[in-house]
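Just so it is clear, none of the values below were taken in a lab; they were calculated from the coordinates. The shown structure was predicted, so the numbers you read here are calculated from the model rather than taken from an experiment. Here the Cβ is made from the backbone with ideal geometry for all residues, glycine too, and neighbour counts use every protein chain on show.
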Amino acid sequence: MALHVHVMARISEARVGLPCPAQPEDVVARFRGSDGRFVDATLDRLPVDDVLAGLPVREFRWYRGRRHYSGWYWAATTAGHVVYESRLELARIMLADRDPDVVAMAAQPVWLAGMDDGRVRRHVPDLLLAHRGGRLTFVDVKAASRLADQRVVAQFAWMKAMCARFEFGFEVWSGVDPVVLENVRFLAGYRAVGLIREELVGSVLAAAREPVPLGQVERVAAQGADRGWVRPVVLHALWRGLLDADLSRPLDVSTPVAAVGGMR
């Protein structure tokens, strides 16, 4: 079964073969709509809302012995699942999900094809992020050990130039402070609004008007409430950026936290 799925995924990718750009300055963009159908456009006329609501353009590759860790992450930002093909991609998706400036995201969003020094170059960026105010960013996730590979260098140079020409942002991401990532991964367990008592958020923020230890916020906010419900609210507030803390240090009850604003 695993071998069968792997072969079918390769066939599916082969069928996506992009047409060559009609003009040297064109960049072809093929995306997959929410109905599963592939749609061709050019990057300057890309229907971004359809891309963000669509399906990944590449299939999963499941087979015994594969080295990459793939799966689906439920994003609080979109209230939907986002595919990832490695733990490094999962880390970048989690950070985007916690970023209040990110309002939508899609993984494996488009096949791109364009001319690069006389040859046709094709590429699927790992993520497309939509930001408040309408800004858009393509993100490529790549291990730091591979950034010196000349094929990777050429690919990313093309992506950077193309994105600048069509007014997209472009980011190459290779990781973050492991302590920050571990804290964000922990807080992600409290990202879903439906799992916390939202009526307690006000009490939590009121208890942290000035920087105080996280444990003190819990004790103060728990007056008149079940403390078992308060801690998830505190951690949810840290996830949403309603409480601020230094996440470059391990998070515990002594960590100073402070309220920073209203609800996302």
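Go ahead and run the numbers for FRET between ALA157 and ARG197, Cβ-Cβ distance against an R0 of 41 Å, rounding to 0.05.
That gives a FRET efficiency of 0.25.
Quote the FRET efficiency, to the nearest 0.05, computed for TRP74 versus ALA148 with a Förster distance R0 of 35 Å and r equal to the Cβ-Cβ distance.
0.50
Taking a spot 7 Å from the Cα of ARG165 along the direction of its beta carbon, which residues of segment 106-133 have an amide N less than 15 Å from it?
112-123
Using a 10 angstrom cutoff on alpha carbons, build the Gaussian network for the chain and name the most mobile of ARG121, ARG30, ARG165.
ARG165
Could you work out [θ]222 nm for the chain from helices alone, using -39500 (n - 2.57) per DSSP H run of at least four and dividing by all its residues? Round to the nearest 500 deg cm²/dmol.
Helix-only estimate at 222 nm: -9500 deg cm²/dmol.
Give me the orientation-averaged projected area of the Cα convex hull of segment 178-259, in nm², one decimal.
Projected area, direction-averaged: 4.6 nm².
Quick check: from the Cα gyration tensor, does segment 87-170 come out rounded (a/c under 1.5), prolate or oblate?
Oblate is the answer for segment 87-170, as a/c is 1.5 or above yet b/c matches or exceeds a/b.
Which whole-number percent is the relative contact order of the chain (Cα, under 8 Å, 6+ apart)?
Rounded, it is 14 percent for the chain.
Top mean-square fluctuation among SER248, SER86, SER145, Gaussian network model of the chain, C-alpha springs under 10 Å?
Fluctuation is largest for SER145.
How large is the charge dipole for the chain, taken about the Cα centre, if only the Cβ atoms of Lys, Arg (+1) and Asp, Glu (-1) carry charge, to the nearest 20 debye?
740
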